[in-house]
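The structure appears right after this line, and notes come after that.
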Amino acid sequence: MFSLEGITKTIQDWLFSSFSPTVALLIECAIIILLAIALFALLGLVLVLMERKVAAHIQIRLGPNRVGPGGMFQTVADTVKLIMKEGLTPDMADKFLFNLAPFIVMIVAMLLLAPIAFAKNFQIWDINIGVLYVSAVSSLSVIGILMAGWASNNKYSLLGAMRSGAQIVSYELSAGLAILSVVVLTGSLQISDIIESQKDGWWLFKGHIPVIIAFVIFLIAVTAETNRAPFDLAEAESELTAGFHTEYSGMRFAFFFLAEYINIFIVCSIGATLFLGGWMPLHIGNWESFNHLMDYIPSSVWFMGKTFFLIFLIMWFRWTFPRLRVDQLLNLEWKYLLPISLFNILLVTLIAIMGWHF
Amino acid sequence: MFLKEYIKDVYNGVTSLLKGMRKTGYYFFHTKEIITEQYPDNRDTLKLAERFRGEVVMLHDENNEHACTGCTACELACPNGTIKVITKFDMTPEGKKKKAVDTFIYHLELCTMCNLCVEACPTGAISMAQNFEHSVYDRNKLTKRLNKPGSKVREGVE
């Protein structure tokens, strides 16, 4: 049966048998870097195309359909265009910070890939504080955004960056609390432990209504954290042209664009890991034959399926809901999401202590 | 009570959002609802909305007769002088003089397709057609004569 675990194990055995351990480790690092960059490029192309197709179908349009079969190469053509464009730096901008900002945003997105389990035993770095690492590092991207907004020397950019900062700082709270509810149920911060604890059913089904509420809050909060509609007022086109990346062009603009989509992928994979069992197939309690049947679908397919389902949900939000005003945005977080998630985590703790979950 | 209001607020918000998502989800999964026309490719099967207005035409029947009495109501209704009706006087069999249209001139290049002339017409002689491929190389070709040569007003139209 196809499994990524077997491939990685073969490569590792071969490397360690033919090189000294240090060299083998370095080669492994190089392979991982290459794979991460390849994944980034591929995800950027696929997700942008998916977004445009989903948007088109929701708005009763056809979407891109001229380049390649069904418009498949539209994003490739767009990328080629962006590479060939001039990357302009404005005259009065802070040159160093201006050029640094897109890379910081990209590096943060790359760092976040580390603890994600893409398939069974296919994980870059299984640290014992995986969930904490993700929520800590993901809030770093606001530094890149603030840097871009500040260095551009443009009032729209600065306004967009400030809004983005306010948004990420406030929604980080309820996202953290939603994540915490699963951590409370599992009793571990390690990603592999969390997935292992869901082998007799996903937390979304095992944890009763409180976990469902936590899941919804998580979805809302990560939509806000990735600056997507209906919370996209950091780059509200109609007010701020493009928010913090107004002044960027060419490939550096593409980096911001790419980082946005990579961040969506990452938060959706975290959501899939925490609430939908990551690569764990759909197992229901003690139904042995059913569980066995589900195991025949490769774990990487399960992971990608769940992640793309969540990505589709977030895209669905974007093309359905109108953008919030900044006061509505903060009201939603501080008056609704935060109290609800605080109360919710109490309920989850009660469930965990009493052992009421399945 | 505060808490009751609060829960009602959340409930109403969530249900109204779900209602919107249901609508867009319906459109997403029903591809036959797509209204995009891939225009130059499907020129033969092009579907236009009923309310689409392309140009003013005068309706002629098989006897080359129209319903225009030359009352110039359309010319008066037109906000930007698109229509010019040149009238003449015909002799009726009883020997009376009767006003009739000689040339109905329509300047397509000035027309904004506002439909006011069609609404003003008391006899329903003119209407809006859906042809929109009007581009020509010579501007003069946009000035059209709407009543066909040799046509006359239909019997009984006053």
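Each value in this text was obtained by applying a stated rule to the coordinates, not by laboratory testing. As the structure is a prediction and not an experimental result, all values here were calculated from the model. So basically every Cβ, Gly included, is an ideal-geometry build from the backbone, and we count neighbours across all protein chains shown.
Each of B:Tyr137, B:Tyr106, A:Tyr156, B:Tyr26 was scored by other Cβ atoms within 10 Å of its Cβ. Arranged with the fewest first, they read B:Tyr137, B:Tyr26, A:Tyr156, B:Tyr106. Projecting label points 7 angstrom from Cα along Cα→Cβ for B:Ser127 and B:Leu18 puts them 4.8 nm apart. Taking every DSSP bridge with both residues inside the stretch B:55-153, close to 90 percent are antiparallel.
Spin-label model, B:Leu142 to A:Trp14: label points 7 Å out along the Cα-to-beta-carbon direction sit 7.0 nm apart. Its relative contact order, with pairs defined as Cα atoms under 8 Å and 6+ residues apart, puts the stretch B:55-153 at 39 percent.
Determine, from the Cβ-Cβ distance of A:Ala77 and B:His107 and an R0 of 45 Å, the FRET efficiency 1/(1 + (r/R0)^6), rounded to the nearest 0.05. With a Förster radius of 45 Å, E is 0.55. For the pair B:Arg51 and B:Glu37, the difference between a 0.36 nm per residue extended length and the Cα-Cα distance amounts to 3.4 nm.
Using the Karplus relation 6.51 cos²θ - 1.76 cosθ + 1.60 with θ = phi - 60°, the per-residue 3J(HN,Hα) values for the stretch A:24-30 come to 4, 5, 5, 5, 4, 4, 4 Hz, with x marking Gly and Pro.
Per-residue Cβ neighbour counts within 10 Å put A:Ser170, B:Ser127, A:Ser157 in the sequence B:Ser127, A:Ser170, A:Ser157, beginning with the fewest. Hey, if you drop one equal point scatterer on each alpha-carbon of the stretch A:62-191 and run the Debye formula without solvent, what base-10 log of I(q)/I(0) do you get at q = 0.11, 0.14, 0.16, 0.17 Å⁻¹? With no solvent term, the Cα-only Debye profile gives -0.63, -0.90, -1.00, -1.03.
A Gaussian network model of chain B, with springs between Cα atoms under 10 Å, assigns the largest mean-square fluctuation among B:Glu33, B:Glu119, B:Glu65 to B:Glu33. Note on A:Met354/A:Ile209: beta-carbon distance plugged into 1/(1 + (r/R0)^6) with R0 of 25 Å gives a FRET efficiency of 0.95. Centre-to-centre separation between the Cα atoms of the stretch B:40-94 and those of the stretch A:166-231: 66 Å. The trypsin sites (Lys or Arg not before Pro) of the stretch A:270-358 meeting both criteria, a DSSP state outside H, G, I, E and B (loop) and at most 12 other C-beta atoms within 10 angstrom of the site's C-beta, are A:Arg325.
Helical runs assigned H by DSSP (4 residues or longer) give the protein assembly as shown a calculated mean residue ellipticity at 222 nm of -18000 deg cm²/dmol, each run adding -39500 (n - 2.57) before division by the residue total. Among the chymotrypsin sites (Phe, Trp or Tyr not before Pro) in the stretch A:99-137, those located in a DSSP loop and surrounded by at most 14 other Cβ atoms within 10 Å of their own Cβ are A:Trp125. For A:Leu34 and A:Phe96, a Förster radius of 22 Å and the Cβ-Cβ distance give a FRET efficiency of 0.15, rounded to the nearest 0.05.
Each of B:Cys68, B:Cys121, B:Cys74 was scored by other Cβ atoms within 10 Å of its Cβ. Listed from fewest to most, they are B:Cys121, B:Cys74, B:Cys68. Contact order, relative form, for the stretch A:87-354: 26 percent (alpha carbon pairs under 8 Å, 6 or more residues apart, mean separation divided by residue count).
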